[in-house]
1. Apply 1/(1 + (r/R0)^6) to the Cβ-Cβ distance of Gln363 and Arg272, taking R0 = 41 Å, and write down the FRET efficiency to the nearest 0.05.
2. Counting only DSSP beta bridges with both residues in region 5-132, what percent are antiparallel, rounded to the nearest 5?
3. By how many degrees, between 0 and 90 and to the nearest 10, does the Cα long axis of helix 97-110 differ from the longest principal axis of the chain?
4. At 7 Å along the Cα-to-beta-carbon direction for both Arg281 and Ala73, put a label point, then send me their distance in nm to one decimal.
5. Among the lysines, which fall within straight-line cross-link reach of Lys138, defined as a Cα-Cα distance under 22 Å, with same-chain neighbours fewer than 8 residues apart omitted?
6. Quick one: if the Förster radius is 35 Å, what FRET efficiency do Ala299 and Tyr158 give, using the C-beta to C-beta distance and rounding to 0.05?
7. With everything on Cα atoms, drop me the angle between helix 313-335 and the longest principal axis of the chain, reported from 0 to 90° to the nearest 10.
8. Quickly work out the His168-to-Lys3 label distance, labels modelled 7 Å from Cα along the C-beta direction, and quote it in nm with one decimal.
Amino acid sequence: MEKLRFVGLDVHKDSVAIAVAEADGSVPQVVATVPGDAKAVLKQLKKLGSAGQLRCCYEAGPTGLGLCRALTAAGISCIVVAPSLVPQKSGDRVKTDDRDAVKLARFLRSGDLTPIHVHDEASEAMRDLERARDDAKKAERVARHQLSKFLLRHGRVYAGKTAWTKLHMDWIRSQRFEQEAHNRVLPEYVRAVEESEARVERLTKDIVELVETWHLKPLVQAMQALRGVRTLTAVILAAELGDLARFASAPQLMAFVGLVPSEHSSGGTQKRGRITRTGNRHVRRVLTEAAWAYRCRPAMSRAIRKRAEEASPEVQAIAWKAQSRLHGRYMRMTARGKNKQQTVTAVARELVGFVWAVARQAQRELQAA
């Protein structure tokens, strides 16, 4: 039987520090520092043993998942670990690449590392696309904020009800100032808003177009049967969460997205606080936004019926149960005096359970097809 060797990789764009921890419990040692490309790492790893003998890991970061895929393709077991969950020594003020590699090798051997889910290349590409749209929305909000505050500083207040409509933009373009500098500033701010809006629109169209050829399209269609979950939200959930089968239960998924209460209990004292806010913040945000839809009483609007047409009767039944249960939860908590933000957060936590149920049902249907 081959003796296992646990390899910690401290990965940077120009270099990779490699440390090895033997299975006998000896002190891990740094064996090499190689250039930061997969071929150089593979060449060094082959000197350490056969592919079945090695267990590798490195921290998730800006270098991406390419190295993990290359090692896996070569038959070497490799995991990517969550940096925030790597154990840290209190008071340790020395940090080097070699020490980080040794630490990873030691904790990989002891089983104290938490791996992240490595998406397939198509899902990672879709995730990059939806995150690019999210960045574009942030830029749009910044551009609108700068324009609105410029107008407010000069006493120009829009009398209409809804901002950023065609009427609102026409009103903005019609503004004139005494100072010529202001008249030149205004069109620049307007152009920045228009360009950011066009960027968001282009990326939205790209997502809608490319989801048609994505292998997770059935999951996206099934999720849209839920109230508050449209195409973009469903794509974000599918791209960020990936294979939901890895979650054995709905509470595991709730904890993953950081919607469970934090806890500090000791002895006979139990104390729970605000939600943990750990895990995937993109998923947590869109779920919280979707949860606001459940403040309205259950109903099958024309838009919901149209979205649910592609889903199976079983998925539609889960979606209707979600409407009834989550609206009831919202009303009960509101009646007890809970503020709306706390109430919506609690509803979002339960919505995670229905997302998990829909995903499991969609997966069973795909396997049966």
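All of the numbers you see were taken from the coordinates with simple rules; none came from a lab. As the structure is a computational prediction, the values presented were derived from the model and not from experiment. Cβ coordinates were reconstructed from backbone atoms using ideal geometry, including for glycine residues, and neighbour counts include every protein chain displayed.
1. 0.80
2. Details: 14 of 24 bridges.
The answer is about 60 percent antiparallel.
3. So the inclination is approximately 80 degrees.
4. 3.3 nm
5. Leaving aside lysines fewer than 8 places away in the same chain, those within reach of Lys138 are Lys149, Lys166, Lys205.
6. On the way: r = 33 Å, r/R0 = 0.95.
E between Ala299 and Tyr158, to the nearest 0.05, is 0.60.
7. 70 degrees
8. About 6.9 nm, to one decimal.
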